[in-house]
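Below is one structure; the comments refer to it alone.
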Amino acid sequence: MPTVPRRLRRNYDVVHKTDTKPAQLACPGRGPRTGPSPRGTWGMLAPPLWGARHGDDWGERMAFATAELTSLRSGASRELNRQVAVGMAVVMFIVNLVGFGPTFFLRPFFDVPQIPLYLYLHGVVGTAWFALLVVQAVLIANRQFTRHRQLGWFGVGLAAVIMGLGAYTSTHMVPRNAAAHPPLSDADIQLYSAVTAADLAGFVVFPTLVALAIYFRKRADIHMRLMLIATMEILGPAFARIGSWGGVYPTAIATVTFGLLGVLIIHDLWTRRRIHLATVLGFAFLIGVNAAFQASGVGPAIVAYRLAHL
């Protein structure tokens with residue numbers, strides 16, 4: 001028998017192992033067939049005259065080649081999935097480090113005001129999520145599926161803590177800044193209104209996509225996409241801080257944002273010849289919810305209420 005990759009051995013054995021095909025072998029598109037065919041069980045893929053002249057050889061070779069190409073293409077798609085997931089996770093982790101560098105990670109090197117303890121906890125937990133995403137993507141790329149699943153349940157708890165600390169931080173944002181920088185200007189109030197609306201959208205988008213990713217954890221294609229899109233949602237604060245630096249930074253942030261969206265879409269078109277439904281619905285949900293909260297006016301209303309009750 002010629003050397004055949006292990007993952008293809010089963011397909012090869014079906015075609016080549018025996019000269020007499022057993023009864024009830026399923027034929028592509030024809031259902032089960034009882035007994036051997038004059039042209040071989042797989043020979044019916046060939047035209048009658050060709051099969052009569054050349055026996056089973058043509059059909060067997062075509063069946064094996066088709067199985068081999070299908071398996072190789074599927075394997076290549078899975079490898080590309082893993083590489084894209086690792087790359088996107090690393091990029092988002094770096095953006096988070098850069099965005100919060102001056103006010104959190106590199107505080108001793110910058111002249112920044114003191115922050116309360118809960119903001120340190122908020123920063124540590126948020127960074128832990130981005131680090132966990134990188135670790136999980138690397139585990140899958142190295143086919144360590146058991147460890148990935150075990151660590152995934154830690155991620156569920158971490159997501160819950162992120163939601164709790166995020167709600168507390170968002171609630172205290174306006175009172176804390178109003179006390180630190182009185183009086184607040186109109187530009188400050190507009191900024192806090194937009195941030196409040198974005199926070200409310202995050203409280204909807206992030207837990208929903210994470211919960212759906214957990215539900216579809218046995219569908220790797222859906223699970224990966226939903227987790228990546230959910231993490232993009234909580235990347236907004238880092239993006240906003242980098243954009244506030246002015247100069248070329250807003251353009252760079254726009255490039256990275258659309259780049260992350262584009263990479264996932266191009267990846268789908270390259271590997272699947274169409275955009276995955278999870279990609280379409282995930283991005284539509286993220287963009288739609290954020291646009292709805294920004295247009296609803298709920299952000300300015302909440303900020304006005306909090307300023308009135310200082």
- Kindly put TRP270, TRP129 in sequence by how many other C-beta atoms sit within 10 Å of each C-beta, fewest to most. TRP270, TRP129
- Using the count of nearby Cβ atoms within 10 Å as a rough guide to exposure, how do VAL156, VAL210 rank from fewest to most? VAL156, VAL210
- Item | Label-point gap, in nm, between LEU158 and LEU106 - each point 7 angstrom along Cα→Cβ | 2.4 nm
- With labels modelled as points extended 7 Å from the Cα through the Cβ direction, what inter-label distance (nm, one decimal) is found for VAL135 paired with ALA194? 3.5 nm
- Query: Using the beta-carbon distance between ASP186 and PHE258 and R0 = 22 Å, what value does 1/(1 + (r/R0)^6) give for FRET efficiency, to the nearest 0.05?
  - Reply: 0.15
- Query: Rounded, prolate or oblate: which fits segment 247-310, taking a ≥ b ≥ c as square roots of the Cα gyration tensor eigenvalues, rounded meaning a/c under 1.5, else prolate when a/b beats b/c?
  - Reply: oblate
- Taking the convex hull of Cα positions in segment 78-308, its mean projected area over all directions (nm²): 13.2 nm²
- Between the residues LEU226, THR208, VAL303, the Cα farthest towards the positive end of the dipole of segment 183-310, that dipole coming from +1 and -1 charges on the beta-carbon of Lys, Arg, Asp and Glu, is from LEU226
- Taking LEU121, LEU209 and counting other beta carbon atoms within 10 angstrom, the fewest-first order is LEU121, LEU209
- Query: Say R0 is 41 Å: what FRET efficiency, to the nearest 0.05, do GLN114 and ARG272 get from their beta-carbon distance?
  - Reply: 0.25
- Per-peptide average of other Cβ atoms within 10 Å, ordering 244-257, 131-144 highest first: 131-144, 244-257
- Query: Where nothing but the Cβ of Lys and Arg (+1) and of Asp and Glu (-1) is charged, how large is the charge dipole of segment 78-308 around its Cα centre, in debye to the nearest 20?
  - Reply: 1020 debye
- Note on the structure: Diffusion coefficient in µm²/s returned for segment 198-241 by Stokes-Einstein, Kirkwood Rh over C-alpha pairs, 25 °C and 0.890 mPa s, is 230 µm²/s
- Query: More than 20 Å apart: what percent of Cα pairs in segment 166-261 qualify?
  - Reply: 51 percent
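Coordinate-derived values only; no laboratory data. Not measured: the values here are computed from a predicted model. All Cβ positions, even for glycine, are placed from backbone atoms using ideal geometry, and neighbour counts span all protein chains on display.
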